[in-house]
1. State yes or no: is residue 240 of a type outside the set (Phe, Trp, Tyr), surrounded by fewer than 16 Cβ atoms within 10 Å (Cβ to Cβ), assigned to a helix (DSSP H, G or I) and at pLDDT below 95?
2. Determine whether the range 123-131 contains at least one residue that is among the acidic types (Asp, Glu) and out of contact with any strand residue (DSSP E or B) (no Cβ under 6 Å at 6 or more places or on another chain).
3. Just to be sure, is residue 284 touching a residue at least 24 places away in the same chain (Cβ under 8 Å), touching a Phe, Trp or Tyr at 6+ places or on another chain (Cβ under 9 Å) and either in a strand (DSSP E or B) or not aliphatic (A, V, I, L, M) (or both)?
4. Given the conditions (1) crowded, with 24+ Cβ neighbours inside 10 Å; (2) touching a helix residue (DSSP H, G or I) at 6+ places or on another chain (Cβ under 8 Å), report the number of the one that residue 212 does not fulfil.
5. Inspect all residues belonging to the range 220-237 and state whether any of them is among the charged types (D, E, K, R) and surrounded by fewer than 17 Cβ atoms within 10 Å (Cβ to Cβ).
6. When you look at residue 135, is it part of a loop (DSSP other than H, G, I, E, B) and crowded, with 16+ Cβ neighbours inside 10 Å, yes or no?
7. Quick check on residue 26: is it closer than 30 Å to residue 92 by Cβ and either at pLDDT 95 or above or among the polar types (S, T, N, Q) (or both)?
8. Could we say that residue 188 is surrounded by fewer than 19 Cβ atoms within 10 Å (Cβ to Cβ), closer than 18 Å to residue 171 by Cβ and not hydrophobic (A, V, I, L, M, F, W, C) here?
Amino acid sequence: MQLTPELKAQMAEQKKQCVYCKIVAKEIPGKIVFEDSITTGILDIYPAKKGHTVFTLKEHYPIVPLIPAEEFAHFFGLVPQFSKALQSAMVATGVNLFIANGGAAGQSYPHFLGHFFPRDQGDGFFNFLFKLGKSLEVEKVNVVQRQLLGLMQNYFAKNPQAWHTGSEEIPSFLQHIEKEAPVLYQDEKILCVLPQKSAVPGHIEVYSKMEEKDIAKLSQEGSTHLFFVASFAASALFDGLGAQGTNIILKSGFSDDNPEGKLCVHVLPRFPGDVLQGMLWQPKQPEYNLDDIAAKIKDKMWNVKYKAVKRETVVEKKHALQPALPSKEEKTSRSNSEEEIDAAIQKIIR
């Protein structure tokens with residue numbers, strides 16, 4: 001999506017009232033544990049669990065399609081290093097990254113955010129423990145697959161300079177997944193499938209062919225491409241299923257909801273009042289000292305650095321995660337925060 005002068009003016013007005021923009025600008029206090037020229041990491045003062053850290057872009061982008069290519073690559077390219085530093089600070093065995101797009105998915109601010117959670121076995125955090133049920137009907141599988149393949153082919157047709165071979169070689173640790181689940185898309189670095197048992201119909205799993213378990217071991221480019229495909233998968237769910245929101249959830253390393261420690265990005269279609277409401281958490285005041293936790297995390301973030309790449313290798317992102325607009329009936333049943341997000345999105349995509 002092009003950032004026209006009109007869109008820039010609308011975003012500038014939103015930015016004036018944006019809480020996260022004010023924290024980034026240090027107009028209001030925030031427990032900042034990391035920052036560079038593009039991104040900021042902020043310890044959540046009402047955390048879902050100890051070490052809960054928000055990672056965001058400094059510039060104000062309400063939805064992912066408005067994030068310029070270079071900033072998309074910068075943000076998601078830092079995920080491995082950011083995860084490693086957070087796990088080291090909290091002495092954790094795993095990590096989750098949670099992204100909500102749209103009010104139906106739990107987005108409560110019109111500013112793109114990623115929530116990082118350090119994870120351990122027995123930590124009592126079961127928000128992302130999916131209750132597996134029915135998968136998508138065959139007809140809808142075909143619809144989603146056509147949407148995803150169409151998006152990928154269109155991208156590479158317009159960007160022939162982007163690396164892509166379409167290789168279907170499967171590493172041994174993914175062979176059983178490739179045999180059991182319908183493959184929606186794959187290339188030399190990614191396997192994207194519809195699991196046989198899903199959290200909700202339309203649940204998509206995106207696996208790296210380069211790393212089995214640990215996001216921290218993935219290269220900067222490998223991480224960017226992993227989330228690039230995940231964002232296209234989210235777009236396919238919007239277009240193919242009419243989803244009104246999506247969640248993108250990274251699981252990496254060992255925890256109660258990831259007992260095998262597999263590295264996987266889950267893409268979930270969301271609808272108002274669906275069965276995934278339990279993923280969201282209620283803000284609460286912690287009993288421990290937040291400043292101590294912030295100091296530990298900040299101490300491990302000193303070596304997190306983005307290595308610039310040539311422009312022709314940067315994955316362009318001007319497409320995915322665009323939610324369908326809600327009906328009037330749906331709007332009346334939503335919270336004020338959801339209405340604000342939808343209103344912001346409506347202004348931008350109108």
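1. Judged against the criteria, residue 240 is not a match.
2. Yes, there is a match, as at least one residue in the range 123-131 is among the acidic types (Asp, Glu) and out of contact with any strand residue (DSSP E or B) (no Cβ under 6 Å at 6 or more places or on another chain).
3. For residue 284, the condition - touching a residue at least 24 places away in the same chain (Cβ under 8 Å), touching a Phe, Trp or Tyr at 6+ places or on another chain (Cβ under 9 Å) and either in a strand (DSSP E or B) or not aliphatic (A, V, I, L, M) (or both) - is met.
4. (1)
5. no
6. So residue 135 passes the test.
7. Here the answer is no, as residue 26 does not meet what is asked.
8. yes
The values are calculated or read from the model by the stated rules, or taken from the named source; none is laboratory data. In this text, all values refer to a predicted model and were calculated from it rather than measured experimentally. Backbone-built Cβ (ideal geometry, glycine too); neighbour counts: all protein chains shown.
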